[in-house]
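Single-structure report; data block below.
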Amino acid sequence: MKHFITPADVPSVKELIEEGLRQKANPTADNKLGKDKTLCLLFFNSSLRTRLSTQKAGINLGMNVIVMNVGADSWQLEFEDGVTMNGNKAEHIKEAAAVIGQYADIIGVRAFAGLTNREEDYQELVLESFRKLSGVPVVNLESATRHPCQSLADLITIEELKLKTRPKVVLTWAPHIKPLPQAVGNSFAEWLNLTEYDFVIANPEGYDLAPEFVGKAKVTHNQAEAFEGADFIYAKNWSSLEHYGQVLPGNEDWIISAEKMKLTDNAKFMHCLPVRRGLIVEDAVIDSDNSVVIQQAGNRVWSVQAALKKILEEL
Ligand code: SN0
């Protein structure tokens, strides 16, 4: 595997899930594979799980791991071509990405959507710049439109917990006070579309995800209808795509409540974290035995470890 940016980079998603489960069963089995190889993780935004799980995965594979908070610790980067750099941006991505490529065998990049310009965000300027200009493989640690490390961990978790061959998996929008990216929802939909699961997306009107991510999923604006008979409830907020980056008024009643969970077939509760209690989900749900958020976050190690392994094998 060359890069890990979208599922299109993955020769077999099924095989990658199995690889994740193998890594989980034997975390240091491949600790010679990354010897003398450097993994450089670049964070343009905050992180807890992604940063630590990716560092841990690199270490499990025997890699050296270096991390930088770009922007906060390094120079402000210019991404536009042909500009006179007379503002506050001291370095162009053309040099920065190429230089980091001299230090790293694999680069991981986190760069959220700006949420002001839809076309720009959906062009993935930051991630694509590193892919084109660094000369080394790139792992997507949540870009403007996708979060594949999360989605692979989600699929690993569902695989571990499913009680039916074809469980009903519901991605439901949930309320938030801030505009959040569509990346987690987009990616979850994109990866779920590659499974045989019964997949439903529930969101209020005005919050439909982009059709290229929705794929063959059933979309409903009726949350209760979606919850009926569900085996997995995956909650996530995202800001409007149509009214780009906006939080539309109303919809606070989309919170995941214990009452709504009763409509499901004893569904597991999933969320990528961080989650705001009392806003996205009631304490009674996230504290219940059906909540699998910690197992899901734990699986972040095995998901990125499987992806890094596949890249290392082809270096
Ligand atoms: C990010 C998002 O894409 O929604 C990262 C999720 C893995 N989440 C947030 O930015 C939450 C911020 C908040 O204030 O709750």
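In whole Å, what is the distance between the alpha-carbon centres of the range 136-214 and the range 240-283? Cα centroid to Cα centroid, the span is 14 Å. Backbone phi angles across the range 181-193, fed through the Karplus curve with coefficients 6.51, -1.76 and 1.60 (θ = phi - 60°), yield HN-Hα couplings of x, 8, 3, 5, x, 3, 5, 4, 5, 4, 6, 4, 5 Hz in residue order; Gly and Pro are listed as x. Computed with a 1.4 Å probe over protein heavy atoms only, the accessible area of MET68 comes to about 80 Å².
Taking every Cα-Cα distance in the chain and sorting them into 10 Å bins from zero, the calculated P(r) comes out as 6, 27, 34, 23, 9, 1 percent. The modelled label-to-label distance between LEU21 and ASN222, using points 7 Å beyond Cα along the C-beta direction, is 3.6 nm.
Once the C-beta distance of GLU252 and ARG166 is scaled by a Förster radius of 30 Å, the resulting FRET efficiency is 0.35 to the nearest 0.05. The Cα atoms of the range 100-240 define a convex hull whose projected area, averaged across directions, is 9.4 nm².
Sorting 301-313, 178-190 by average packing, meaning the other beta carbons within 10 Å per residue, from highest down gives 301-313, 178-190.
Positive contributions from Lys and Arg (+1) and negative ones from Asp and Glu (-1), summed over other residues with Cβ under 14 Å from the Cβ of GLU159, come out at 0. Averaging Cα coordinates gives a centre for the range 54-87 and one for the range 1-30; these two points are 24 Å apart. For LYS32 and GLN76, a Förster radius of 35 Å and the Cβ-Cβ distance give a FRET efficiency of 0.35, rounded to the nearest 0.05. Applied to the range 34-42, the Karplus parametrisation 6.51 cos²θ - 1.76 cosθ + 1.60 on θ = phi - 60° returns per-residue 3J(HN,Hα) values of x, 4, 6, 10, 10, 9, 10, 9, 10 Hz, with x for Gly and Pro.
The modelled label-to-label distance between ASN117 and MET68, using points 7 Å beyond Cα along the C-beta direction, is 2.4 nm. Can you tell me what percent of all Cα-Cα pairs in the range 30-107 are more than 19 Å apart? Above the 19 Å cut-off, the range 30-107 has 45 percent of its Cα pairs. For LYS268, the amide hydrogen comes within under 5 Å of the amide hydrogens of PHE232, ILE233, counting only partners 5 or more places away or on other chains and with H modelled in the peptide plane. Here the spin labels are modelled as points 7 Å beyond Cα on the Cα-Cβ line, and at THR84 and GLU212 they lie 3.5 nm apart. Note on surface exposure: LEU279, LEU52, LEU171, LEU163 rank LEU163, LEU52, LEU279, LEU171 by accessible area, highest first, 1.4 Å probe. If you wrap the range 250-315 in the convex hull of its Cα atoms and look at it from every side, the mean projected area works out to 6.3 nm².
Net charge near LEU273: determine it from the other residues with C-beta under 12 Å of the C-beta of LEU273, scoring Lys and Arg +1 and Asp and Glu -1.
Values: positive: ARG49, LYS236, ARG276, ARG277, ARG300; negative: ASP154.
Taking every Cβ under 12 Å from that of LEU273, the sum is +4.
Positive contributions from Lys and Arg (+1) and negative ones from Asp and Glu (-1), summed over other residues with Cβ under 15 Å from the Cβ of SER46, come out at +3. Ratio of Rg to Rh for the range 204-315: 1.03 [Cα atoms; Kirkwood radius as inverse mean 1/r over pairs].
Backbone geometry of the range 287-303 corresponds, through the Karplus equation with coefficients 6.51, -1.76 and 1.60 at θ = phi - 60°, to 3J(HN,Hα) couplings of 8, 7, 5, 7, 7, 10, 5, 6, 4, 4, 5, x, 5, 4, 5, 6, 5 Hz, x marking Gly and Pro. At a probe radius of 1.4 angstrom, the accessible area of the range 150-297 per residue rounds to 40 square angstrom. Applying 0.36 nm per residue to the separation of ASP287 and GLU313 and subtracting their alpha-carbon distance, the gain on full extension is 5.3 nm.
Rounded to the nearest 20 debye, the dipole size of the chain about its Cα centre is 860 debye, using +1 on the Cβ of Lys and Arg and -1 on the Cβ of Asp and Glu. For the pair SER46 and VAL13 in one chain, pulling the backbone fully straight at 0.36 nm per residue adds 9.1 nm over the alpha carbon distance.
The values are calculated or read from the model by the stated rules, or taken from the named source; none is laboratory data. Bear in mind that the values here come from a model prediction, so they are computed numbers and not experimental data. Cβ coordinates were reconstructed from backbone atoms using ideal geometry, including for glycine residues, and neighbour counts include every protein chain displayed. What goes into the accessible areas is simple: the full protein's heavy atoms, side chains included, and nothing from ligands, DNA or RNA. Shrake-Rupley method; radii C 1.70, N 1.55, O 1.52, S 1.80 Å.
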